[in-house]
Amino acid sequence: MGLSIIGMEISKDNLIEKVWSGGRLAAEEAMALWELPLLTLGRLADLARTRRHPQPIVTYVVDRNINYTNICVSGCRFCAFYRPPGAAGGYVLSRAELRRKLEETLALGGTGVLLQGGLNPELDLDFYEDLVSFIRHRYGLHVHGFSPPEIVFLADKHSLDITRVLERLMGAGLGSIPGGGAEILVDRVRRALSPHKCTADQWLAVMAAAHHLGLKTSATMMFGHLENRAERMEHLLKLRSLQDRTHGFTAFIPWTYQPGGTVLGGRPATSWDYLKTLAVSRLVLDNIPNLQVSWVTQGAKIAQVALKFGANDFGSTMIEENVVAATGVTFRLSEAEIQRLITTAGYQPRRRDHVYRMNEGEGRGQKAPAHFLKKSPQLAIIARVGAHKDFVELGVKRLGGETYDTPFGKSNPVHLFEHQGLVFSVLSRHGEDGYRVSAPFVNDRANLYALKALGVEKILAWCAPGAVNSALHPGHLVVPDDILDEGKVGPYTFFPQQGLGFIRHNPVFCPQLRAALLSSLLGGPFPLHGRGVYVATSGPRLETPAEIRKFRRLGGDLVGQTLVPEVFLARELELCYAALCYVVNFAEGIKKRPFQPGVLFDGLADPEEMAAGRQVEEAFAGLILKILPTLAATPRDCPCPQLMERYRLRGDLGADWRTWFPSSNPG
Amino acid sequence: MQSPGYFRDPELLPIYDKVMSKERLSREDGLTLYRSTDLLGVGYLADLVRRRLHGRRAYYIYNQHLNYSNVCINGCKFCAFGKPPGDPQGYAMTLEEIYARIKERLSEPITEIHIVGGLHPELPFSYYVEMIRGIKALRPGVHLQAFTAVEIAHLADIAGLSLKDTLEALKEAGLGSLPGGGAEVFSPRIRQSLCSRKLSPEGWLQVAQTAHRLGLKTNATMLYGHEETLAERVDHLLRLRAAQDETAGFLAFIPLAFHPKNTQLSHLSETTGFDDLKNLAVARLLLDNFPHIKSFWIMIGPKLAQLALTFGADDIDGTVIEERITHMAGAQTPLGLTRQELLHLIQEAGCEPVERDTLYNELRADDRQMAKSDRR
């Protein structure tokens, strides 16, 4: 059977054959897809979905929709949510209300917020930066915020270019950009629908700029109003072409215009049209990884059926939704209900983050070892001698502790604690009762292996270096951002015989964990330095004055014996790792200090400096408890979970990290 | 793409072969279809059969629903409608009230009046006979599809008549056919648990088959999505199929999705889209001797009813609204689609809308005019 498309004949069989073979569809071929029977089209989209996502997994995210204002100058004819400036019912979300929403989000296990609002002329870029920073740094939530019309509006308002606006928002903590406001990316339709909103080219320009800055974005399409099928296709092809250049789109989310309460009115698109459009999107957008169902507009039933029409993502739990609800269409789904819909459709539900990464350990089928407690720590503190005792003294609930046999030998004891529902582990590098193991002999590999096996994803390394930079004083806190490795010894890799581990170390410390650390320590009792180069020496001896002079010339700020090779090894296991240092003395030669026999550091630190260091030491456990929730809530949208991805793709390493080592049998 | 390319689930391939050679499907096939997560594969098989029987035709009807009473002595756990005798929310319409409802809509081209109610302990048999006779007098051209098998058995009890005599008396008064409700799931386990006082499966089938033998057509239903197993669904369908082999009087099968809200089973979840579509498709495939599979759009919503047209259903029932404005005058948004909206749903699904009467005769424009001429 032939399909007549704009004067040319495309055989239905040839079209199906082409999709089957996996080739890219040209525009006229893509247009012919509409003419296929619904089930055939669904089957082809399902094929494309399965090729891209062979695992029967459907992802979703736990987050909250926050609409910071409904005041908008855009006046789009399809919108029932906005109020023009000055009209009754307009609002800008108060801080108190925002705080309540964010706390609720955290309580529900949310990892981020979708932050969008109207084009409100009263709000300027400072407001946006404050808002983002507040959510990101005070609550540790990922901010998926501001669709392109909002960015263009801000750029115009401040006469800044788009890149500068994005940079400032990123500086404040913006994590990714939602694909809203795309409607149909054809100016004929936009002029009729939303004449005051940014043009198709502007929308694409914002996304291109965001992608170039490394911000991931999604893309949407609102259809079923004034557009025709050719215009829908133009929309898809524009996205495909941009994605070819930038690879910054994570997902595509088509949804149907809801006519209730809008100026435009009309009849809602049918489920038939929705599923066909979804399937066509999957087949045309061969370079956008994820396709999301819109249960908000379609309801739970059609959303579930949509999983067989190309979609692999169920969107968000939302917690609240205001824009579609304003049209009178309200569907609410709990996380449990989303899981049930996914499961009964024959898939496994998996939580993801805002850039579509599944929680590690879930997606890769890892499990905590069977011999371990029911509760698994997500965070580990590696600290000084007997560090766990400080937590016991503070009355923190101890769940247990033991040493583990690993393929790399016995680990140090790992102590498990639970504080306000959060489970974390504490490991002392140098021993439990006094400094028994000196720095060069710490079995970093066994310790890290044990932590990873327990389910740990993030490590906070606590250490006590000396100051090379004289601006850093004993008693100061430093969150180092780089390392100068000066002659450490010991195994530097988990893969000595496998030729692996050729991975980048910029940034060497996890940027997300560092940001969370800084934001949660700000305003605390100790002076805080947000950066510093840590010079690693092997020890156990302290350094010579000439060495310290050399380190200063090379740009070093701190000197210590602890973080290397620990941090390098942690990265090979794809763990997030950041260090919190407290300065204990000035390094050799920075200050003139006589030799004093019989005391720690032999007189390198004077009594006042020793006391300043001790103050921090005493505050250690309390400080950790304070920053723990923020560290735990920080999403892992950093490079860390994918440091070994190349080896996985190459087939050198399996999906389950436990298969990485020749004699893996920790149990 | 060869047809087997449609199947992701290889277990569907032997069933495909059977469907192509028009071989009757087994109990095991029914279970395989229900268990498969290959929704599109199951839908494709059902669509093959549906197209073989009805081509692109999709039926709808212009009907009026009447629920004369919600008072019911059965107390089924899955029911949000029935009220026990003495309950303040219980009602029973008088014959005058019923006639008034009919008169209200005489100007509309209604071809069927669909009447069901609870098992009222006190209303006499004459009430039911007069209801039918009176409506028929007001609207002679209309077809009366009234009283499920459960109600008929109850009326026979009240009247002290045999099923056959009861049905004959009602037929004489103007009864045209029986709706398919009250079948629930035939499994004795389920009936014991959910509706122990209800007419037994044997009794239900006996009423239906007695009606068939008197020349009265009936429908059949299955209430799914509560506590029943997949095997119990298959057995239900096979029992209907066996009965149809004997008396051939069933017109349509209508799977009914259980709605837990406001019932004693409110802890259960709503049915899913997969389940709704699969129940239609499996029914189409197993019930090879049933002419029609109906997806009742009022029950599953217009979105799923539209998809149902490619998952085995050939009928989406009716309750269309000829003109919306007058109906919108009430406070409530009407549960109705205009004829134009209904036609759009059907046509977009690649089907040809066919307005039917109760017995699936196609209505032409002049028939519709006749239906309207009932107006007094």
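Which order do the peptides A:521-527, A:446-452, B:15-21 come out in when sorted by mean C-beta neighbours inside 10 angstrom, highest first?
Highest-to-lowest ranking by the protection proxy: A:446-452, B:15-21, A:521-527.
Kindly sort B:Glu112, A:Glu418, B:Glu362 by accessible area of their heavy atoms, largest first, with the probe set to 1.4 Å.
In descending accessible area the options line up as B:Glu362, A:Glu418, B:Glu112.
Provide the FRET efficiency to the nearest 0.05 for the B:Leu268-A:Tyr91 pair, computing r from the beta carbons and using R0 = 30 Å.
0.20
In nanometres, what is the gap between the two model label sites at A:Ser538 and A:Glu393, each 7 Å from Cα along Cα-to-Cβ?
Once both label points are built, they end up 3.5 nm from each other.
Enter the mean number of other protein chain beta carbons within 10 Å of the beta carbon of each residue in B:268-275, as an integer.
Across the residues of B:268-275, the mean count of other-chain Cβ atoms within 10 Å is 6.
Output ³J(HN,Hα) for the stretch A:171-178: one whole-Hz value per residue in order, computed from phi by the Karplus curve 6.51 cos²θ - 1.76 cosθ + 1.60 with θ = phi - 60°, and x for Gly and Pro.
Once rounded to whole Hz, the list reads x, 7, x, 4, x, 6, 10, x.
Could you give the length gained by full extension between A:Ser21 and A:Val385, i.e. 0.36 nm per residue of separation minus their alpha carbon distance, to one decimal place?
Gain on stretching A:Ser21 to A:Val385: 124.9 nm.
Restricting to DSSP H runs of at least four residues, report the calculated mean residue ellipticity at 222 nm for chain A, -39500 (n - 2.57) per run over all residues, nearest 500 deg cm²/dmol.
Calculated from helices alone, the mean residue ellipticity at 222 nm is -10500 deg cm²/dmol.
Non-local amide H neighbours of B:Arg57 (under 5 Å, H modeled in plane, Pro and chain starts lacking H): which ones?
Placed amide hydrogens put B:Glu352 under 5 Å from B:Arg57.
Between the helical axis of A:12-21 and the dominant principal axis of chain A, each derived from Cα atoms, what acute angle in degrees is found, rounded to the nearest 10?
The helix A:12-21 is inclined about 0 degrees to chain A.
Mind listing the long-range amide H neighbours of A:Arg350? Cut-off is under 5 Å, sequence gap 5 or more, other chains count too, H placed in the peptide plane at 1.01 Å from N.
A:Val58, A:Thr59, A:Tyr60
Apply the Karplus parameterisation 6.51 cos²θ - 1.76 cosθ + 1.60, with θ equal to phi minus 60°, to every residue of the stretch B:58-66 and state each ³J(HN,Hα) to the nearest whole Hz, in sequence, with x for glycine and proline.
Taking θ as phi minus 60°, the curve returns 10, 8, 9, 9, 9, 10, 10, 9, 9 Hz for the stretch B:58-66.
HN-Hα J couplings of the stretch A:61-75 from phi, Karplus 6.51/-1.76/1.60, θ = phi - 60°, integer Hz, Gly and Pro as x?
10, 9, 8, 10, 8, 10, 9, 6, 7, 10, 7, 8, 8, 6, x
Non-local amide H neighbours of B:Leu223 (under 5 Å, H modeled in plane, Pro and chain starts lacking H): which ones?
Residues meeting the criterion, in which the H sits 1.01 Å from N, are B:Glu184, B:Val185, B:Leu256.
Percent antiparallel among DSSP beta bridges with both residues in chain A, to the nearest 5?
Roughly 30 percent of the beta bridges in chain A run antiparallel, per DSSP.
If R₀ is 30 angstrom, what is the calculated FRET efficiency for the pair A:Asp433 and A:Gln596, using the beta carbon separation as r and rounding to 0.05?
0.75
Quick one: P(r) of the stretch A:508-589 from all Cα-Cα pairs, 10 Å bins, percents rounded to integers, in order of increasing distance.
Result, from short to long distances: 16, 43, 33, 9 percent.
In peptide A:46-52, how many Cβ atoms from other protein chains are near each Cβ within 10 Å, on average?
Across the residues of A:46-52, the mean count of other-chain Cβ atoms within 10 Å is 1.
Report the accessible surface area buried between chains A and B, summing both sides, using a 1.4 Å probe on protein heavy atoms only, in Å² rounded to the nearest 100.
Using a 1.4 Å probe on protein heavy atoms, the buried area is about 2800 Å².
Quick check: residue separation of A:Thr50 and A:Asp652 times 0.36 nm, minus the Cα distance between them. What number comes out in nm?
Contour length minus the Cα-Cα distance gives 214.4 nm.
All other residues with a Cβ under 9 Å from the Cβ of A:Gln378 taken together, and with Lys, Arg as +1 and Asp, Glu as -1, what is their net charge?
0
So which residues in the stretch B:1-42 end up with at least 20 square angstrom less accessible surface once the other protein chains are there, compared with the chain by itself, probe 1.4 angstrom?
Residues of the stretch B:1-42 that lose at least 20 Å² of accessible area once the other chains are added: B:Met1, B:Gly5, B:Tyr6, B:Arg8, B:Thr37, B:Leu39, B:Leu40.
What does the average come to when, for each residue of peptide A:296-306, you count the partner chain Cβ atoms lying within 10 Å of its Cβ?
5
For the stretch B:52-372, what proportion of DSSP beta bridges, expressed in % and rounded to the nearest 5, is antiparallel?
5 percent
At each listed q (0.06, 0.08, 0.16 Å⁻¹), what is the log10 of I(q)/I(0) that the Debye formula gives for the stretch B:52-372 modelled as equal alpha-carbon point scatterers?
-0.19, -0.34, -1.63
Going from most exposed to least, what order do A:Tyr534, A:Tyr91 have by accessible area with a 1.4 Å probe?
The ordering from most to least exposed comes out as A:Tyr91, A:Tyr534.
Relative to the longest principal axis of the C-alpha atoms of chain A, give the angle of the C-alpha long axis of helix A:295-306, reported between 0 and 90° and rounded to the nearest 10°.
Between the helix axis and the principal axis of chain A, the angle is about 90 degrees.
Which one of A:Phe568, A:Gly499, A:Ala516 is farthest out on the positive end of the charge dipole of chain A, using unit charges on Cβ (Lys, Arg +1; Asp, Glu -1) and the Cα centre as origin?
Highest projection toward the positive end goes to A:Gly499.
What accessible surface, in Å², does a 1.4 Å probe find on A:His430, ignoring ligands, DNA and RNA and rounding to the nearest 10?
20 Å²
Which lysines, on any chain, are close to A:Lys197 with Cα under 23 Å apart, when same-chain ones fewer than 8 places away are left out?
In chain and number order, the partners are A:Lys157, A:Lys216, A:Lys238.
Take the Cβ-Cβ distance between B:Lys261 and B:Asn361 as r, set R0 to 30 Å, and report the resulting FRET efficiency rounded to the nearest 0.05.
So the FRET efficiency works out to roughly 0.25.
Which pairs break 23 Å Cα to Cα here: B:Lys278/B:Lys303; B:Lys217/B:Lys303; A:Lys458/A:Lys550; A:Lys410/A:Lys452?
B:Lys217/B:Lys303; A:Lys458/A:Lys550
Summarise the long-distance tail of P(r) for the protein assembly as shown by giving the % of C-alpha pairs beyond 50 Å.
Roughly 38 percent, rounded to a whole number.
Compute the Cα gyration tensor for the stretch A:39-351, then decide on rounded, prolate or oblate, letting a ≥ b ≥ c be the square roots of its eigenvalues: rounded whenever a/c is under 1.5, prolate when a/b is larger than b/c in the other cases, and oblate in all that remain.
Taking the square roots of the gyration eigenvalues as a ≥ b ≥ c, the stretch A:39-351 is rounded.
Near B:Leu251, within a Cβ-to-Cβ distance under 13 Å, what is the net charge of the other residues, with Lys and Arg +1 and Asp and Glu -1?
Its environment carries a net charge of -2.
Lys and Arg at +1, Asp and Glu at -1: add these up for the other residues within a Cβ distance under 11 Å of B:Cys76 and post the number.
After counting each charged neighbour, the total is +3.
Normalised by the number of residues in the stretch A:39-351, what is the relative contact order in percent for Cα pairs under 8 Å and 6+ residues apart?
It rounds to 25 percent for the stretch A:39-351.
The values are calculated or read from the model by the stated rules, or taken from the named source; none is laboratory data. For clarity, every value in this text was computed on a predicted model and none was experimentally measured. As a convention, Cβ positions derive from the backbone with ideal geometry for all residues, glycine included, and neighbour counts pool all protein chains shown. When the accessible area is computed, the model is the full protein with side chains, heavy atoms only, and any ligands, DNA or RNA have been set aside. Shrake-Rupley method; radii C 1.70, N 1.55, O 1.52, S 1.80 Å.
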